[in-house]
Amino acid sequence: MLVSDVVNSTSTDFRTLLGNTGSDAAIIISWVDRVHKQCLHSSVYSHLNRSVQTVAMVVGTSSYAVTAVRRIVNVYNRSIDRILTPIAGIAGQAPESEQVEGAAGVQPMGLNDRADMQARLGSRFTEFYMKVGSNIVIYPTPTRTDTLEVTSELNVTTVNALGTTLTIPDDGLDMMVAGVNMYMAQYLGRAQDVQNWAGIYAKLMQGELVV
């Protein structure tokens, strides 16, 4: 699916006010880019924006580079079939898994939680991870040369031309158009249309059938 496919499929009613060429097209393309990012981060097509990177751990080394990562989805120790847990409280902020859900911060840890964490930090296996900048930091420091599989959500490249091919497939055209129509209605000050298209867009993002 090209950007032009989305631009050309936007509401005919709106297109009497905004065209699909020139400066109008540039405005619509910016909405296509915004909707494309939203859909790749939080729709049924978000799996298209995931990658799995292999990290070979080194004994005594706790920090490893990961590339083009927006956030880490999960970390799996392939060598011993063990899932690592995002660590909380190290930097005084909520772990990424909670930030995505909109949590305001970490709740105070109880004594049982602290005891469990301390015991796991003393484990001979890696138990926790945290993303720091472009690195993943492993806790406790590895004592084995295990292999980690880091599943990550990637940054989405900005689209700014009609001929650009989108990551979202042709099957997602209705979803993309609904999102662009929502922003177009907002731009034109048509409140009722904003509400209608927002409802359709939300349903399509979740994979619902809209007829």
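Observations, loosely collected:
- Residues 210, 66, 35, sorted so that the one with the fewest Cβ neighbours within 10 Å comes first: 210, 66, 35
- Long-range HN-HN contacts of residue 128 with modeled amide H, under 5 Å: 85, 139
- As a rough footprinting exposure proxy, the listed residues 47, 36 were ranked by other beta carbons within 10 Å of their own, and the order from fewest upward is 47, 36.
- Subtracting the Cα-Cα distance of residue 173 and residue 160 from their residue separation scaled by 0.36 nm leaves 2.9 nm.
- Here the gap between residue 192 and residue 76, fully extended at 0.36 nm per residue and compared with their Cα-Cα distance, gives a gain of 37.1 nm.
- Pairwise FRET efficiency - residue 44 versus residue 143, Cβ, R0 = 45 Å, nearest 0.05: 0.65
- If R0 is 45 Å, the Cβ-Cβ spacing of residue 24 and residue 58 corresponds to a FRET efficiency of close to 0.25.
- Least to most buried among 70, 50, 124 (fewest other Cβ within 10 Å first): 124, 50, 70
No value in this document is a laboratory result; all are computed from the given coordinates. Note that this is a predicted model, so its numbers are computed, not measured. A quick note on method: Cβ atoms are made from the backbone with ideal geometry, for glycine too, and the neighbour counts reach across all protein chains shown.
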